[in-house]
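Chemist: Following this message is one structure expressed as structure tokens.
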Amino acid sequence: MGKESSPTGQVVFLRHTKEHYAPAAQALRERVLARVLPGTGWRVTVVDNALPGDFHGRTPEGWALLGGDNSLKEFSGWEKALAVLDAGQSWQPAIPVLLVNDTFHRNYDTGYLDNLPHEPVADWLAEGSLVGHVDLYPREIELFGLPMRHWIRTSFVLATWGTLSRLLPFAPPGDLAALFGPGADSFFAPGGPLGERYKQYLAAFLLGSESEYACRWHTSVDLGDEGLAFLRVKAMTILCEHWLAARARHLGIALRDVSGRLAERERCIGRMAGAAECGCPEPRPNGARA
């Protein structure tokens, strides 16, 4: 009787040029694939959004390398690759699929990677959840008619193909460029499908505006025309990240946190809302930039 083959998972690894690729690939092999879902063999496809969309090749590791689509950064790149790979291989609903980009091991708190082996990841996948690092806002917001407070940090998203395919396409509906105004003081256009609290939180994160939400992006950007154009694109990718979580909630798909520290973050973020109500200085979570 032949030896039973190991189950195979799929990894879609997004990069933009090779600048950060080598350490990210090493972290993927050593900190994730070697430690999560023991007994699973992983097939890795690298998508490079800086390469022409029809490019096909191989990485030095022997992984498949595809040209991507940078129109919505990682989300458009992942979506293109998923369409190509699913059409070519007819993935089964139960296979695990990991979406990562080349920041998953280096931006913000990356301790969640060390905690991965200690969480019931296989059980979470079997129940149809999205698995990763869960973040949250002080209060619920609304985007495109759906409420949301918690979201998965989309530098690392693990789910079965059956779950992930329910959340395609990744882009929110409509013309995202039409959501924005002309300047820093009017970063968002009035009205529209984004709730006012949500606009305030996004402006605080990206522009440093006053808000009860005290977390700030790690990148400082000049607020001239070029910088504002860059920030609008960044805001669009955040909208995609939050739209994924809002749709998951709408569909009854749970978000499961692998960091082991979600309760701590909920207490800290909850104090932001309390501080705003009483006029106290807002607490800043570890890693938040003033």
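Chemist: Taking the conditions exactly as written (in contact (Cβ under 8 Å) with a residue 40 or more places away in the chain and either touching a Ser or Thr at 6+ places or on another chain (Cβ under 9 Å) or on the phi < 0 side of the Ramachandran plot (or both)), does Gly145 satisfy them or not? So that I can check it myself, show each step before the final result.
Modeler: Working: in contact (Cβ under 8 Å) with a residue 40 or more places away in the chain: yes; either touching a Ser or Thr at 6+ places or on another chain (Cβ under 9 Å) or on the phi < 0 side of the Ramachandran plot (or both): no.
No.
Chemist: Another question about this same structure. With the checklist (1) of a type in the set (A, V, I, L, M); (2) assigned to a helix (DSSP H, G or I); (3) within 23 Å of Ala34 (Cα to Cα) in hand, flag the one item Ala159 doesn't pass.
Modeler: All conditions pass for Ala159, except number (2).
Chemist: Do you know which residues across the range 229-277 are part of a loop (DSSP other than H, G, I, E, B) and either surrounded by 14 or more Cβ atoms within 10 Å (Cβ to Cβ) or small (Gly, Ala, Ser) (or both)?
Modeler: Gly252, Ile253, Ala254, Val258, Ser259, Gly260, Arg261
Chemist: Within the range 149-163, is even one residue more than 20 Å from Cys240 (Cβ to Cβ), surrounded by 15 or more Cβ atoms within 10 Å (Cβ to Cβ) and under 18 Å from the mean Cα position of the chain (by Cα)?
Modeler: Yes, the conditions are met somewhere in the range 149-163.
Chemist: Which residue out of Ala214, Ala204, Ala254, Ala235 is farther than 14 Å from Trp151 by Cβ, in contact with a Ser or Thr (Cβ under 7 Å, 6 or more places away or on another chain) and of a type outside the set (Val, Ile, Thr)?
Modeler: Ala204
Chemist: List the strands (runs of 3 or more DSSP E) inside the range 1-68, counting only whole elements, that have at least 1 residues being in contact (Cβ under 8 Å) with a residue 40 or more places away in the chain and in contact with a helix residue (DSSP H, G or I) (Cβ under 9 Å, 6 or more places away or on another chain). Full working, then the answer.
Modeler: Numbers: elements: 8-15, 41-48, 56-58, 64-67.
Those strands (runs of 3 or more DSSP E) span 8-15, 41-48.
Let's see how each residue does on (1) crowded, with 19+ Cβ neighbours inside 10 Å; (2) of a type in the set (S, T, N, Q); (3) within 27 Å of Gly162 (Cβ to Cβ):
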| site | (1), (2), (3) |
| --- | --- |
| Thr8 | no, yes, yes |
| Val11 | yes, no, yes |
| Ala25 | yes, no, no |
| Leu28 | yes, no, yes |
| Thr59 | no, yes, no |
| Ala64 | no, no, yes |
| Asn70 | no, yes, no |
| Lys80 | yes, no, yes |
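Chemist: Kindly provide the set of residues from the range 34-47 that are surrounded by fewer than 18 Cβ atoms within 10 Å (Cβ to Cβ) and under 29 Å from Ser71 (Cβ atoms), ordered by number.
Modeler: Arg43
Chemist: Still on this structure, please answer the following. Within the bounds of the range 113-135, is there any residue that is hydroxyl-bearing (Ser, Thr, Tyr) and either surrounded by fewer than 20 Cβ atoms within 10 Å (Cβ to Cβ) or in a helix (DSSP H, G or I) (or both)?
Modeler: Looking through the range 113-135, none of the residues is hydroxyl-bearing (Ser, Thr, Tyr) and either surrounded by fewer than 20 Cβ atoms within 10 Å (Cβ to Cβ) or in a helix (DSSP H, G or I) (or both).
Chemist: Hey, could you check the range 84-112 for residues that are among the hydroxyl-bearing types (Ser, Thr, Tyr) and surrounded by 15 or more Cβ atoms within 10 Å (Cβ to Cβ) and say which is nearest to Arg216 (Cα to Cα)?
Modeler: The extreme case among them is Tyr108.
Chemist: Still on this model: Out of the residues in the range 170-180 meeting the condition of being surrounded by 14 or more Cβ atoms within 10 Å (Cβ to Cβ) and outside any helix (DSSP H, G or I), tell me which one is nearest to the chain's Cα centre (by Cα).
Modeler: Looking at residues that are surrounded by 14 or more Cβ atoms within 10 Å (Cβ to Cβ) and outside any helix (DSSP H, G or I), I get Phe170.
Quick note: the coordinates plus some simple rules give every number you see, no bench work behind them. Treat the numbers as computed from the prediction; the structure is a model and nothing was measured. So basically every Cβ, Gly included, is an ideal-geometry build from the backbone, and we count neighbours across all protein chains shown.
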